[in-house]
Amino acid sequence: MASETGPCPQCRKNGRDESGNNLVTHPKYNYRKCFACNYYEAINAPLEGKYIDIFDRKLTKATCEKYGIQVVSYTGSFNTKHGLEAVTDERCAIFNTYEKGQVIRQKVRSLDNKQYMKLLGTNTKDKSLWGKHTCSPTKKLPITITEGEFDAAAVFQATGMPAVSIPNGAGNVGETLTRELSWLQEWKHVVLMFDNDEAGAEAVDKALSVLPVGQVRIAKLPYKDANEMLKEGKEAELKTCLWNAETYKPECIVTISDIIDEVLKKPEYGYSLPWDFLNEGTYGLQPNNIYVWLGAPQVGKTEAMKEVIFHLLEVEKVKVGMFCLEQGSANSVQRMVATKVNKRLHLPSNEWWNEDEIRAHAMELEGRLHLYQNSSSSGITLDSLLINIRYMYYCFGIKVIVIDNLTALCNTPIIDGKYVRDWVFTDYVADKLHALSRELPLSIILVAHTSKDRISKQIHIPTSKKNKESYLMIGEVQMDEMINRPGMDWNSGRMPGLEHIDGGDRIGRLADYVIGLARDTVSKNDVIRRTLKVKFLKTRLASEHCGKEYKLMYDYETGRYS
Ligand SMILES: [Zn+2]
């Protein structure tokens, strides 16, 4: 080990050693010596200080004597992060640790400059709780553990209650408490009174991972730490903090009495939906639930969704917030009014156009239907969506949110200012929406497209002359399997599955309900072409509804499903 050099405190006191390298450390012999003036400093030798009132900490001489806190005017060197530094007549506190009445460790810390700190004594590595010599365990009293030595002394002086501190700040809390477990269990319980800051909160977490759960209480301080409260004359408040310290109980574990009110709450139907089969499968639209409405483009999702929203507005008189990210707000309202007057207003071929009636019906929705109007050309960001949903909930009392659609929402895949892969972003959106659905009592209806890449894959049925024989031998079931295997075109009326959500299946896994929609849009049969198949792909409450399929018929005249 190379000899370290630094400034000599003695030379510096006399205005010499400008280059700061007179003092040479001899680690092998545990001392430092100045080659110029012969100043000598034993590296680990304990210091002798005095017991006095420490006014700037508001600690009395009696408290200091009990805890072994001395004050010394120290001339010597400290190892800092900038290397060896010399101090002259630095006012330092000495925190003594005892074993069998002997000092085995001293923590020397400047009262004015925190970076001047060092450990002295025969056992500088000792990690036991500091201040243990001041108290003996009893099942009648709690023991308080603070982060700093002054805080432990402050707790005792202010409350008369036993208190100790972790020896090296928040860092080693786990190791120290593990070693002291049996000693701590001899007390009534343990009160953790750590600093009211981030490091303190982290230390609490670490302590909780070590200490027996039922035995720990956490004191919440209104000031930075216990010594701060003593300095501010808040002895009584400190005492209250100690006695009111709450028993720590992991949030994820509850007792029956914690949740009995919820247990006694009979499940209720949510808002009704336009078709009976939807109500049977979902028990109505429930708060804190996500409903994914999945179908290929052009299948009629928006039209069918319009029936749902119309029903919620007209029958249930619910306030609905709509984010129509592909069609404009005005178009959405036109479609809503169209439902009322049974006309397809959004088509130029529609001849009926009674402005007064349209206005009257549109204005009826005032205050009930709130729409998001996109003002930027780049589309809505997820952050903006979440802000607007919260705003709608808190300011307008919105109960149902409709987002049409997921693909448009994921057009700009940016997280924290960085572009990410599409599927990463869709997963992220799914997580955020799921968290929101648990945070606010909203029913969230999310329209999702089927994935495009699977549409492009074409079915192959061997029909060449060479294969004719084998082709003819294919049974009906087998043929059906071939036709319906993944990859078949959506416009033939193929029903999507959970795995077909554009952007990935995470939203399907997080959603409470997934309702698939399919329609054969190319059939020559008019009835088949008008038939929208609706299937429960995922149901939350009763699994027997899952997999059930229903049919809705579209009326070209009125533009309505029934
Ligand atoms: Zn010297």
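The rows are residues; the columns are (1) at pLDDT 90 or above; (2) closer than 25 Å to Arg506 by Cα; (3) among the charged types (D, E, K, R); (4) surrounded by 15 or more Cβ atoms within 10 Å (Cβ to Cβ).
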site	(1), (2), (3), (4)
Leu294	yes, yes, no, yes
Ala304	no, yes, no, yes
His311	yes, no, no, yes
Cys324	no, yes, no, yes
Leu365	no, no, no, yes
Thr381	no, yes, no, no
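With respect to the numbered conditions (1) modelled with pLDDT of 90 or more; (2) more than 30 Å from Gly83 (Cβ to Cβ); (3) surrounded by 14 or more Cβ atoms within 10 Å (Cβ to Cβ), which one is the sole condition not fulfilled by Glu186?
That leaves (3) as the condition not met.
From the list Glu48, Glu18, which residue is loosely packed, with under 13 Cβ neighbours inside 10 Å, more than 52 Å from the chain's Cα centre (by Cα), part of a loop (DSSP other than H, G, I, E, B) and at negative phi? If you could, list the steps in order and put the result at the bottom.
On the way: Glu48 fails: more than 52 Å from the chain's Cα centre (by Cα).
Exactly one residue qualifies, and that residue is Glu18.
Just a yes or no: is a residue in the range 224-236 among the polar types (S, T, N, Q), in contact with a helix residue (DSSP H, G or I) (Cβ under 7 Å, 6 or more places away or on another chain) and outside any helix (DSSP H, G or I)?
Applying the first criterion (among the polar types (S, T, N, Q)) to the range 224-236 yields 227.
Filter again for in contact with a helix residue (DSSP H, G or I) (Cβ under 7 Å, 6 or more places away or on another chain), leaving 227.
If we keep only those that are outside any helix (DSSP H, G or I) too, we end up with none.
No, the conditions are met nowhere in the range 224-236.
For the range 384-424, enumerate the residues that are hydrophobic (A, V, I, L, M, F, W, C), within 28 Å of Glu499 (Cα to Cα) and in contact (Cβ under 8 Å) with a residue 60 or more places away in the chain. Lay out the reasoning, then the answer.
Start the filter on the range 384-424 by keeping residues that are hydrophobic (A, V, I, L, M, F, W, C), which leaves 385-387, 389, 392, 395-396, 398, 400-403, 406, 408-410, 414-415, 420, 423-424.
Next, from what is left, pick out any that are within 28 Å of Glu499 (Cα to Cα): 385-386, 389, 400-403, 406, 408-410, 414-415, 420, 423-424.
Leu385, Ile389, Val400, Ile401, Val402, Ile403, Leu406, Ala408, Leu409, Cys410, Trp423 - these are the residues of the range 384-424 that are hydrophobic (A, V, I, L, M, F, W, C), within 28 Å of Glu499 (Cα to Cα) and in contact (Cβ under 8 Å) with a residue 60 or more places away in the chain.
When you scan the range 69-98, how many residues do you find that are among the hydroxyl-bearing types (Ser, Thr, Tyr) and surrounded by fewer than 17 Cβ atoms within 10 Å (Cβ to Cβ)?
Quick first cut of the range 69-98, residues among the hydroxyl-bearing types (Ser, Thr, Tyr) only: 73-75, 77, 80, 88, 97-98.
After this cut, where a residue has to be surrounded by fewer than 17 Cβ atoms within 10 Å (Cβ to Cβ) as well, the list is 73, 75, 80, 88, 98.
Qualifying residue count, the range 69-98: 5.
Could you say which residue among Asp89, Asp56 is modelled with pLDDT under 95 and outside any helix (DSSP H, G or I)? Show your work before the answer.
Working: Asp56 fails: outside any helix (DSSP H, G or I).
Going through Asp89, Asp56 in turn, just one is modelled with pLDDT under 95 and outside any helix (DSSP H, G or I): Asp89.
List the pairs whose first member sits in the range 17-45 and is over 12 Å from Gly76 (Cα atoms), whose second member is acidic (Asp, Glu) and surrounded by 15 or more Cβ atoms within 10 Å (Cβ to Cβ), and whose Cβ atoms are under 6 Å apart, counting only residues at least 6 apart or on separate chains?
Qualifying pairs under 6 Å: Thr25/Glu4.
Which condition does Tyr269 not pass, out of (1) at pLDDT 90 or above; (2) surrounded by 20 or more Cβ atoms within 10 Å (Cβ to Cβ), if it passes all the others?
Condition (2) is where Tyr269 drops out.
Hey, any hits in the range 60-82 for a residue that's assigned to a loop (DSSP other than H, G, I, E, B), in contact with a strand residue (DSSP E or B) (Cβ under 9 Å, 6 or more places away or on another chain), at pLDDT 95 or above and not basic (Lys, Arg)?
Applying the first criterion (assigned to a loop (DSSP other than H, G, I, E, B)) to the range 60-82 yields 60, 68, 81-82.
Imposing the further condition that a residue be in contact with a strand residue (DSSP E or B) (Cβ under 9 Å, 6 or more places away or on another chain) reduces the set to 60, 68.
Checking which are at pLDDT 95 or above leaves us with 60, 68.
Going one step further and asking which of them are not basic (Lys, Arg), we end up with 60, 68.
The answer is yes; a qualifying residue exists.
Considering each residue of the range 96-128, count those that are in contact with a Gly (Cβ under 7 Å, 6 or more places away or on another chain) and of a type outside the set (Val, Ile, Thr), and give that number. Let's see the steps before the verdict.
Start the filter on the range 96-128 by keeping residues that are in contact with a Gly (Cβ under 7 Å, 6 or more places away or on another chain), which leaves 96, 98, 103-106.
If we keep only those that are of a type outside the set (Val, Ile, Thr) as well, we get 96, 98, 105-106.
Counting residues in the range 96-128 that are in contact with a Gly (Cβ under 7 Å, 6 or more places away or on another chain) and of a type outside the set (Val, Ile, Thr) gives 4.
Just give me the residues in the range 126-170 being charged (D, E, K, R), assigned to a loop (DSSP other than H, G, I, E, B) and under 20 Å from Glu48 (Cα atoms), in sequence order. Walk me through it before giving the result.
Residues of the range 126-170 charged (D, E, K, R): 126-127, 132, 139-140, 147, 149, 151.
Add one more test, that the residue is assigned to a loop (DSSP other than H, G, I, E, B), and what stays is 126-127, 139-140, 147.
Of everything in the range 126-170, just one residue is charged (D, E, K, R), assigned to a loop (DSSP other than H, G, I, E, B) and under 20 Å from Glu48 (Cα atoms), namely Asp126.
Hey, among the residues in the range 486-514 that are surrounded by 23 or more Cβ atoms within 10 Å (Cβ to Cβ) and over 15 Å from Pro297 (Cβ atoms), which one's farthest from the chain's Cα centre (by Cα)?
The residue in question is Val514.
Can you pull out the residues in the range 31-45 that are under 17 Å from Glu4 (Cβ atoms) and part of a loop (DSSP other than H, G, I, E, B)? Give the derivation first.
Looking only at the range 31-45, we keep the residues that are under 17 Å from Glu4 (Cβ atoms), and these are 31-36, 39-44.
Correct list: Phe35, Ala36, Tyr39, Ile43, Asn44.
Within the range 31-86, can you find the residues that are charged (D, E, K, R), within 16 Å of the ligand (Cβ to nearest atom) and touching an Asp or Glu at 6+ places or on another chain (Cβ under 8 Å)? Reasoning before the result, please.
In the first step, residues of the range 31-86 are kept if they are charged (D, E, K, R); the result is 32-33, 41, 48, 50, 53, 56-58, 61, 65-66, 81, 85.
From the residues that got through so far, the ones that are within 16 Å of the ligand (Cβ to nearest atom) too are 32-33, 41, 85.
Result: Arg32, Lys33.
Restricting the search to the range 1-30, which residues are of a type in the set (Asp, Glu) and within 8 Å of the ligand (Cβ to nearest atom)?
First, the residues of the range 1-30 that are of a type in the set (Asp, Glu): 4, 17-18.
Once the filter is applied, which keeps residues that are of a type in the set (Asp, Glu) and within 8 Å of the ligand (Cβ to nearest atom), the range 1-30 yields only Asp17.
Name the one entry in Ile104, Ile94 that is in contact with a Lys or Arg (Cβ under 8 Å, 6 or more places away or on another chain), in a strand (DSSP E or B) and away from the ligand (no atom under 16 Å from the Cβ). Show your work before the answer.
Details: Ile104 fails: in contact with a Lys or Arg (Cβ under 8 Å, 6 or more places away or on another chain).
Exactly one residue qualifies, and that residue is Ile94.
The values are calculated or read from the model by the stated rules, or taken from the named source; none is laboratory data. What you see is a predicted model; the values in this text were computed from it and never measured. For neighbour counting, all protein chains shown are included, and Cβ atoms are generated from backbone atoms with ideal geometry for every residue, glycine included.
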